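These notes are about the structure you will find just below.
Read-outs: derived from the displayed coordinates by stated rules, not from any lab. Every value quoted in this text rests on a predicted model; they were computed, and no experiment measured them. Positions of Cβ are backbone-derived with ideal geometry, glycine not excepted, and every protein chain shown enters the neighbour counts.
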Amino acid sequence: MSLKEDLLDFAGSLATATDYPPDDYPSWSSWTYEAHMDDLRSLWSAIMPRLKKDADKIEFIDQNLKIALAAFEARDKDKGRKAILAIYNLNVRSLR
């Protein structure tokens, strides 16, 4: 996939993470918390090495993603959502 497509998917996955922290996934959905977090990690791993113009944002995103995942694992939904929103609010779709 292109960087732009991965960034769009990453933004969508971040938005979903704010709606469905660990124990809030709908029972009818084929997505699980584990699959969703694996998707976020995978997308970020694919995006990170391709960021050139916005390489200065890598550390911020990386740290907030780690904070969010740790918070969700600890069942601290608010802290996890805040960390995810901090990343999303960088307008990740336009990173280069």
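Brief remarks on what is shown
- Cα-centred dipole magnitude for the range 34-96, charges only on beta-carbon of K, R (+1) and D, E (-1), debye, nearest 20: 280
- With respect to the chain, whose longest principal axis is taken over its alpha-carbon atoms, helix 58-73 is tilted by about 10°.
- Look at the alpha carbon pairs under 8 Å that are at least 6 residues apart: their mean separation over the length of the chain gives a relative contact order of 44 percent.
- With Cα atoms, 0 to 90° folded angle of helix 77-88 axis to the chain main axis: 20
- For the chain: Kirkwood Rh in Å [reciprocal of mean 1/r, alpha carbons]: 13.4
- Relative packing of 90-96, 63-69, 51-57, which averages over residues the other C-beta atoms within 10 Å, highest first: 63-69, 90-96, 51-57
- Remark on L51: its backbone amide H falls under 5 Å from none of the residues 5 or more positions apart or on other chains, H modelled at 1.01 Å from N.
- Degrees between helix 33-47 axis and first principal axis of the chain (Cα, 0 to 90, nearest 10): 0
- Long-range HN-HN contacts of Y20 with modeled amide H, under 5 Å: none
- Here's the list of lysines a cross-link from K53 could span, going by alpha-carbon distance under 28 Å and ignoring same-chain residues fewer than 8 apart: K4, K66, K82.
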